[in-house]
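Notes follow once the structure below has been shown.
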Amino acid sequence: MIQKTFSNEAGNGGNNVTETATEPTVPAVDRVIIRFAGDSGDGMQLTGDRFTSASAMHGNDLATFPDYPAEIRAPAGTLAGVSAFQVQISDHDIMTPGDAPDVMVAMNPAALKSDLHRLAPGGTVIINRDTFEERNLTKAGYDYNPLEEGDDLKGCRVISVPMTSLTKEACKELGVKPRDADRSKNFFALGLVSWMYSRPVEPTMDWIDAKFGGRDLIVAANKAAFSAGHIYGETAELGDQRVIVKAAPLESGTYTNVNGNTSLSWGLVAAGQLANLPIFLGTYPITPATDILHELAKHKSFGVTTFQAEDEIAGIGAALGASFGGHLGITSTSGPGVALKSETMGLALSLELPLVIVSIQRGGPSTGLPTKTEAADLLMAMYGRHGESPIPIVAPRTPSDCFNAAIEACRIALTHRTPVMLLSDGYLANGSEPWRLPDVDDLEPIEVTYTTEFNHKNADGEDEYWPYLRDEKLVRSMAIPGTPDLMHRIGGIEKEDGSGNISYDPTNHAKMVEIRAERIRRIEVPDVEVVGDVDADVLILGWGSTWGAITSALGRLRGEGHKIAHAHLTHLNPFPANLGEVLKGRTHVLIPEMNLGQLSLMIRAEFLVDAQSISKVSGQPFTAGELETTILETMNGEAKQ
Amino acid sequence: MTATMNNEVVPETKRADWQSDQEVRWCPGCGDYSILTALQLLMPELGVRRENTVFISGIGCAARLPYYMNTYGMHSIHGRAPAIATGLAMARPELDVWVIGGDGDMLSIGGNHLIHALRRNININILLFNNQIYGLTKGQFSPTSETGKVTKSSPVGLIAEPFNPVSLALGAEASFVARTHDMDRKHMQEMFRRAYEHDGASLVEVYQNCNVFNDGAFSTITKKDVRDDMLIDLRHGERIQFGSEGQYGVVSCDGGVEIANVADVGLDALLVHDETRQDPSTAFALSRLAAGPTTPTPVGVFRAAKRAEYGAAMATQVAAVAAESGKGDIASLLRSQPTWEV
């Protein structure tokens, strides 16, 4: 998902097969979508991840979508236990993991049953035949064997392979026990798919060595399984299935394949370096935010302290304590954790201290769908505290953009002395894409100044320190503990503006409420950029992770001759200064969101614009195809109100 | 832990230097006044810098105290002061961080943070003002209120049994636990000093009189004329003996401890108090001598044992990583996964 205005991504399932000059025997396609599906014990996430890495090294553009169950271990072979990993690889710039897979790997009947409906018409299913026996079929809810009867596989190309027994056979002479060999069958599948798409073999072999080094039998079993799958492709006359996806013509530079939580963590580390401040992460594990703790815990050499607290409230409390001490305080969580942290967020904004609250949204309410994505916490981020309590909100749009958004959130927090919500989601967190690494010298330093001298004279002409004296942006003076002479006390009780002394004066409270609102309004954020047919009557307004699907859908619609403009918000509070102007005079303002219309509500309220909502709350991201259809319907006035 | 790093000379201060310009607003006669005075008198003796001293509190009457100390301070939210102080103490180990809270604040809404701050042995000094009542919300029972107590929220008597804060702290592996009371400023000052000198988390329970909502809760043991017979003064290395004539003592019994007449058991049978004992069992047994302040009650330092302090352990870990991998470099971090050139 290399950011550019629009791509000419081909239509749904369109494999534009062309001859390639370099490898005359293997036809090339411009892109392919592969979905690995199996039992959650089958290692599908690992398999997908390895395929992705090999493709990234090969130079493809790509986007991934891990789709896994919340249960640690649902009963093997059941529909609840199906774990899937979808990846789109291409020879051009793409924005999404694709709509309908061209190829699906089904490691057992449950995987076939749960995911077959996603397959593109005429797509290929690669099936592990060994698992299609009565017990597994029953567990998956089949009262017949779809390999032998029924219409399930009609219209698909089926490659039925006894993966388990072939893997066991390949491992036999190594002395690997059948049970252990069975666990390597995912590498058989990986080997087969790698052969079909001419993926390089070496990176996977090296990875197996690195990952399982020292456990010789496991290394040997996985390598043997991979090779067996690879050889099977050649010997089973699957040559007509073999295609190549050439490297994408990406901008020159150094690339790495990154998921959102990793790049977000790196952005936080970078922000600490740019501000020349130590980072303090106070947090409590929660899906899908936990990987941020895991990643930051590795980076002590950057002056990063990670504190796994006793609960969410302690996590943000400790982060706020560190901020009070002059460090960059950060807390990471997901929706239910934000709810617990809301009182401390209120305190932080009353104290006017820097604090970054990272929220990786998931399906709600309550425990909801912890491993599935949703973006329904916008109103909570915006309004989910008591009293008038505005907090800036920054939302990344792609996995790699999480890096920039994290730096931006820290910049606002530190330079405006305010808690800031960094609002990502599960789809960005776990999805990955190639990222052209920025030149770190180009990143702007974050100027943080702490007050070290008196800033006020009292009526007797004596020097004093007033913690709530403000600059032109209404940012208050901040002296940190340890600074001589500037001792002062702050708290959640209303303070007199300027002196910071406790004040219950009604007019002072009204003034402070207005100042707290105004100082957020005065945060300068870049104008929102309008792309596509800039002056079109129809504007699609998006935020967060819908960027990829919207961009792809618009590429298709504009390719068909529709005039549409697109604007995507990174800053949701305050809104960009030009947003009102951008919305003005459009016939349609359509807002696709993974909620029931939260941004629509905000836009309608703020700009009195008849924004129309395009909602999806299924725990799955939008596909470009469904957005294309819905946008067309809405433009034509056919959408349900 | 002392703020006088590297033997630097700290300018002398007086009590007045530790008094902020804010008007003290507690009910007349509140026990909090004498605790505040004890702290303001102690600070000059400790020879610390005001700017390196931070008071953090939650919500409640006690939690107003930071406003009255001329140091850095934060009046935060109900129950959360130990968590906030933990972050500050970890980020800035050179600061002296004090946590102020009441029995409702720290044992009820903030119970979780209290036990974990003690368990981790973060270098903070926690002063728990226990008046066995909710004062700021005007008279509901608290986690330390005695069973049967009639309050606005328990009009026919409290059903639950109370927490014993010292037992709780010892159960949470606290390395320093002491108890004192607001009628004896010298003793308070001594306990606060010991807490300050302790490396790691320290908890001092202060029996504090709420003369409006729970007046006289501790008078059975703290009034001048009964003190000698009702307060068991724990002194390290000495026999645990009390009473106006020294007629009572504490002896081991059945795996625990009990009060005995010295005349019956003889002086040599009395338990010698060892606050440094690693095994907290004896300290815990001592904390069980009194279920509440109506029978002879131990005061003083129950436990002052050496345990690894969290912040120091963290600093050691960070230094070890830094020594091994060198200072972090963002450009290298971004290239820490497989990369390729286009």
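A short reminder: the numbers here are calculations on the coordinates, not readings from a lab. Keep in mind the model is a prediction, meaning the values are calculated, not measured. Neighbour counts run over all protein chains shown; Cβ positions are idealised from the backbone, glycine included.
Can you list the GluC sites (Glu not before Pro) in the stretch A:540-641 that are in a DSSP coil and have 11 or fewer other beta carbons within 10 angstrom?
Values: sites: A:Glu560, A:Glu581, A:Glu593, A:Glu606, A:Glu626, A:Glu628, A:Glu633, A:Glu638; in loops: A:Glu560, A:Glu638.
Listed in order of number, the matching sites are A:Glu560, A:Glu638.
How far is helix B:185-197 tilted, in degrees, relative to the longest principal axis of the Cα atoms in chain B, given as a value from 0 to 90 rounded to the nearest 10?
Long axis of B:185-197 versus the principal axis of chain B: about 30 degrees.
With θ set to phi - 60° and the Karplus curve 6.51 cos²θ - 1.76 cosθ + 1.60, what are the ³J(HN,Hα) couplings of the stretch B:253-262 in order, to the nearest whole Hz, using x for Gly and Pro?
Once rounded to whole Hz, the list reads 6, 6, x, x, 9, 8, 8, 9, 7, 4.
What is the average number of partner chain Cβ atoms found within 10 Å of a Cβ in A:50-58? Could the numbers behind the result be given before it?
Values: counts 0, 0, 0, 2, 1, 0, 4, 3, 1.
Per-residue shielding by partner chains comes out at 1.
Please identify every one of the GluC sites (Glu not before Pro) in the stretch B:1-100 that sits in a loop by DSSP and has no more than 13 other beta carbons within 10 Å of its own beta carbon.
Working: sites: B:Glu8, B:Glu12, B:Glu23, B:Glu45, B:Glu51, B:Glu94; in loops: B:Glu8, B:Glu12, B:Glu23, B:Glu94.
Loop-located and lightly packed - B:Glu8, B:Glu12, B:Glu23, B:Glu94.
Could you pull out every residue, at least 5 positions away or on a different chain, whose amide H is within less than 5 Å of the one on A:Ile540? Hs are placed 1.01 Å off N in the peptide plane, and Pro or chain starts have none.
Long-range HN contacts for A:Ile540: A:Ala565, A:His566, A:Ala567, A:Leu590.
May I ask which residue of A:Ile316, B:Gln132, B:Val318 lies farthest towards the positive end of the charge dipole of the protein assembly as shown, with charges of +1 (Lys, Arg) and -1 (Asp, Glu) on Cβ and the Cα centre as origin?
B:Gln132
Take the alpha carbon gyration tensor of the protein assembly as shown, find the square roots of its eigenvalues, order them as a ≥ b ≥ c, and report rounded if a/c is under 1.5; if not, report prolate when a/b exceeds b/c, else oblate.
It comes out prolate by the Cα gyration axes.
Of A:Val531, A:Val582, A:Phe307, which is farthest on the positive side of the dipole of the protein assembly as shown, counting Cα position, with +1 on Lys and Arg Cβ, -1 on Asp and Glu Cβ, and the Cα centre as origin?
It is A:Phe307.
Quick one: angle between helix A:185-196 and the longest Cα principal axis of chain A, in degrees between 0 and 90, rounded to 10, please.
80 degrees
Would you calculate a helix-derived [θ] at 222 nm for chain A, using -39,500 (n - 2.57) for each DSSP H run of n ≥ 4 and dividing by the full residue count, to the nearest 500? Could you put the intermediate results ahead of the total?
Details: 20 runs with 222 residues, N = 641.
Helix-only estimate at 222 nm: -10500 deg cm²/dmol.
Name the long-range amide H neighbours of A:Ile502: under 5 Å, sequence gap of 5 or more, or other chain; modelled H, no Pro or chain starts.
For A:Ile502, the qualifying residues are A:Glu496.
What is the distance in Å between the Cα centres of the stretch A:301-337 and the stretch A:362-398?
Computed from Cα coordinates, the inter-centre distance equals 18 Å.
Working from Cα positions, state the angle (0 to 90°, nearest 10) between the long axis of helix B:81-91 and the longest principal axis of chain B.
Helix B:81-91 sits roughly 40 degrees off the main axis of chain B.
What share of the DSSP beta bridges in chain B is antiparallel, in percent to the nearest 5? Don't skip to the answer; put the middle values down first.
Numbers: 16 of 46 bridges.
DSSP beta bridges in chain B are roughly 35 percent antiparallel.
Report the Cα centroid-to-centroid distance between the stretch B:137-178 and the stretch B:230-270 in angstrom, as an integer.
Taking the Cα centre of each part, the stretch B:137-178 and the stretch B:230-270 sit 27 Å apart.
Please list 3J(HN,Hα) in residue order for the stretch A:230-236, calculated via the Karplus relation 6.51 cos²θ - 1.76 cosθ + 1.60 where θ = phi - 60°; whole Hz, with x for glycine and proline.
4, 5, 4, x, 6, 7, 8
For the stretch B:280-342 and the stretch A:565-641, what is the centre-to-centre distance using only Cα atoms, to the nearest Å?
49 Å
Which entries of A:Lys154/A:Lys246; A:Lys341/B:Lys327; A:Lys457/B:Lys14; A:Lys473/A:Lys511 show an alpha-carbon separation above 26 angstrom in the structure shown? Write out the running numbers ahead of the final one.
On the way: A:Lys154/A:Lys246 30 Å; A:Lys341/B:Lys327 33 Å; A:Lys457/B:Lys14 24 Å; A:Lys473/A:Lys511 15 Å.
Flagged as over cut-off: A:Lys154/A:Lys246; A:Lys341/B:Lys327.
Give the percent of DSSP beta bridges with both residues in the protein assembly as shown that are antiparallel, rounded to the nearest 5. Present the calculation step by step, with values, prior to reporting the outcome.
On the way: 52 of 135 bridges.
Among the beta bridges of the protein assembly as shown, antiparallel pairing accounts for roughly 40 percent.
For chain B, what is the calculated [θ] at 222 nm in deg cm²/dmol (nearest 500), taking -39500 (n - 2.57) for each run of four or more DSSP H residues and dividing by its residue count?
Working: 12 runs with 103 residues, N = 342.
For chain B, the value works out to -8500 deg cm²/dmol.
If you filter the stretch A:114-203 for trypsin sites (Lys or Arg not before Pro), then keep DSSP loop positions with at most 14 other Cβ within 10 Å, what is left?
Values: sites: A:Arg118, A:Arg129, A:Arg135, A:Lys139, A:Lys154, A:Arg157, A:Lys168, A:Lys172, A:Arg179, A:Arg183, A:Lys185; in loops: A:Lys154, A:Arg183.
Answer by residue number: A:Lys154.
Given +1 on the Cβ of Lys and Arg, -1 on the Cβ of Asp and Glu, and no further charges, what dipole in debye does the stretch A:461-543 carry about its Cα centre, rounded to the nearest 20? Can you show the working numbers first?
Details: 10 positive and 18 negative charges, 90 e Å.
The dipole of the stretch A:461-543 has a size of about 440 debye.
What dipole magnitude, in Debye to the nearest 20, does the protein assembly as shown give about its Cα centre under +1 on Lys/Arg Cβ and -1 on Asp/Glu Cβ? Numbers along the way, then the final one.
Numbers: 83 positive and 122 negative charges, 220 e Å.
For the protein assembly as shown, the charge dipole is close to 1060 debye.
By the gyration tensor of its Cα atoms, with a ≥ b ≥ c the square roots of the eigenvalues, what is the shape of the stretch B:1-113: rounded for a/c under 1.5, prolate for a/b over b/c, or oblate? Show your work: numbers first, answer last.
Working: a/c = 2.40, a/b = 1.23, b/c = 1.96.
Oblate, since a/c reaches 1.5 and b/c is not below a/b.
Explain nothing, just compute: Karplus ³J(HN,Hα) = 6.51 cos²θ - 1.76 cosθ + 1.60, θ = phi - 60°, for every residue of the stretch A:539-554 in order, whole Hz, x for Gly and Pro.
After applying 6.51 cos²θ - 1.76 cosθ + 1.60, I find 10, 9, 10, x, 8, x, 6, 6, 3, x, 5, 5, 4, 5, 4, 5 Hz.
Is there a quick way to get the dipole size of the stretch A:501-641? I mean about its Cα centre, with the Cβ of Lys and Arg at +1 and of Asp and Glu at -1; what is the value in debye to the nearest 20?
Values: 13 positive and 18 negative charges, 63 e Å.
Once rounded to the nearest 20, the dipole reads 300 debye.
Tell me which residues come under 5 Å, amide H to amide H, from B:Ser154 once H is placed; ignore anything under 5 positions away on its chain.
Amide H to amide H, under 5 Å and 5 or more residues apart or across chains, B:Ser154 pairs with B:Phe141.
On a straight-distance basis, which lysines could pair with B:Lys138 in a cross-link, Cα separation under 19 angstrom, same-chain partners fewer than 8 positions away excluded?
Candidates past the 8-residue exclusion: B:Lys149, B:Lys152.
Given axes a ≥ b ≥ c from the Cα gyration tensor, I'd like to know whether the stretch A:142-261 is rounded (a/c under 1.5), prolate (a/b larger than b/c) or oblate.
Numbers: a/c = 1.92, a/b = 1.11, b/c = 1.73.
Cα axes put the stretch A:142-261 in the oblate bin.
Can you say what percent of the DSSP beta bridges in the stretch B:100-225, counting only those with both residues inside, are antiparallel? Round to 5. Intermediate results must be reported in sequence, preceding the final value.
Numbers: 2 of 17 bridges.
Given both bridge residues lie in the stretch B:100-225, the antiparallel proportion sits at roughly 10 percent.
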